[in-house]
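What follows is a short report on a single structure.
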Amino acid sequence: MKKSMLKLCASLLYPKPRMNEKQLQHRFKGRWVVITGASRGIGFALAKRLMQVGANLYLIARSEAELQTLCNEAQAMGCQAVCRALDLRNRPALDLLCKELKQLPTVDYLFCNAGKSIFRKIVDATERLHDFDRTIDLNYRSVVALALALLPALQRSKGQLVYTSSVSCLYPPAPGWSAYHASKCATNVWCRTAESEWKRLGVGVHVAYLPLVRTEMSMANPNYRSLPAYSADDAACILLQLAMKNRFSYQPWWARLTAPVASLFAPLVRFFYQKTVQ
């Protein structure tokens, strides 16, 4: 019975995304796509999906071996592919990458998917300022740095920036997620500003407020392992759909209904947090 209820909830909360294959090939075949966090999870699924339709890939992640394997696979399928292994939190390495990216003649899509999640209450982080440095550097600063470096190329191609955010940013802050939410919400605000400024340049900016996705990072939290979630392939499909649409953001259907009124219930939510979160 419990499994049946979970399955029903999953089908309602996480409807299977559908992809128009002809449109996908038309929009991405022969285009240059930059993907961060490309060696695992959603970024890996994005790269695999795009090489199937003939996109050219510029892949960024920390795992050199996995990246090289992915590049070799893309090249074997007739795609051009470049991989750069680095930690985007490393500022000197990021600066060098940005200098290289500025030399690219064209980039059609930038998928900023790399991210770091930390669950720790503030009272337990008094000696861990580096938690906040790490999330800000990866979830916010690296996105801005890459977007600024690639803006001229995106402007030339009338390209698109797609940022992977979290649906939790649409709701009252939850205890334990201060470092994560602060960094993700900072990038959300930056993207909203960029969207309004870059529209006249012909560059699109999109934010995907994704719900739970079953990846290595999210499943490290034991509380999430039994919950309904999208697969990495489903999440990649959502990001690709968003890149092809003339709208700023993706939100799950239930977030579109509840997020606008969530602030009205913030006192109740905070009371619930105080009673349930130790």
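Can you tell me which of (1) modelled with pLDDT under 95; (2) out of contact with any Gly (no Cβ under 9 Å at 6 or more places or on another chain); (3) crowded, with 16+ Cβ neighbours inside 10 Å is the one ALA208 doesn't meet?
Here ALA208 clears every test but (1).
One line per residue, one yes/no per condition, for (1) charged (D, E, K, R); (2) out of contact with any Phe, Trp or Tyr (no Cβ under 9 Å at 6 or more places or on another chain):
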site: PHE132; (1), (2): no, yes
site: ASP137; (1), (2): yes, yes
site: VAL143; (1), (2): no, no
site: LEU151; (1), (2): no, no
site: LYS158; (1), (2): yes, yes
site: SER165; (1), (2): no, no
site: GLY176; (1), (2): no, no
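For the range 153-194, which positions are outside any helix (DSSP H, G or I) and without any contact (Cβ under 8 Å) to a residue 12 or more places away in the chain?
The initial filter retains those residues of the range 153-194 that are outside any helix (DSSP H, G or I), namely 158-166, 171-177.
Matches in the range 153-194: PRO173 only.
Do the conditions hold for ALA93, that is, is it touching a Pro at 6+ places or on another chain (Cβ under 8 Å), over 16 Å from ASP108 (Cβ atoms) and part of a helix (DSSP H, G or I)? Before the answer, list the steps.
Values: touching a Pro at 6+ places or on another chain (Cβ under 8 Å): no; over 16 Å from ASP108 (Cβ atoms): yes; part of a helix (DSSP H, G or I): yes.
So ALA93 fails the test.
Return the residue satisfying two criteria in turn: it lies in the range 98-113 and is more than 23 Å from ARG27 (Cβ to Cβ) and touching a helix residue (DSSP H, G or I) at 6+ places or on another chain (Cβ under 7 Å), and of such residues it is surrounded by the most Cβ atoms within 10 Å (Cβ to Cβ).
Only one residue fits best here, namely CYS98.
So, in the range 177-199, how many residues would count as being of a type in the set (A, V, I, L, M) and over 21 Å from LEU242 (Cβ atoms)?
Residues that pass the stated criteria total 2.
Matching residues to (1) under 19 Å from ASP137 (Cβ atoms); (2) within 20 Å of the chain's Cα centre (by Cα); (3) not in a helix (DSSP H, G or I):
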residue: GLU66; (1), (2), (3): no, yes, no
residue: CYS71; (1), (2), (3): no, no, no
residue: GLN75; (1), (2), (3): no, no, no
residue: CYS79; (1), (2), (3): no, no, yes
residue: CYS83; (1), (2), (3): no, yes, yes
residue: ILE118; (1), (2), (3): yes, yes, yes
residue: VAL123; (1), (2), (3): no, no, no
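The values are calculated or read from the model by the stated rules, or taken from the named source; none is laboratory data. All of these numbers come straight from a predicted model, not from anything done at the bench. In this analysis, Cβ positions are derived from the backbone assuming ideal geometry, glycine residues included, and neighbour counts consider all displayed protein chains.
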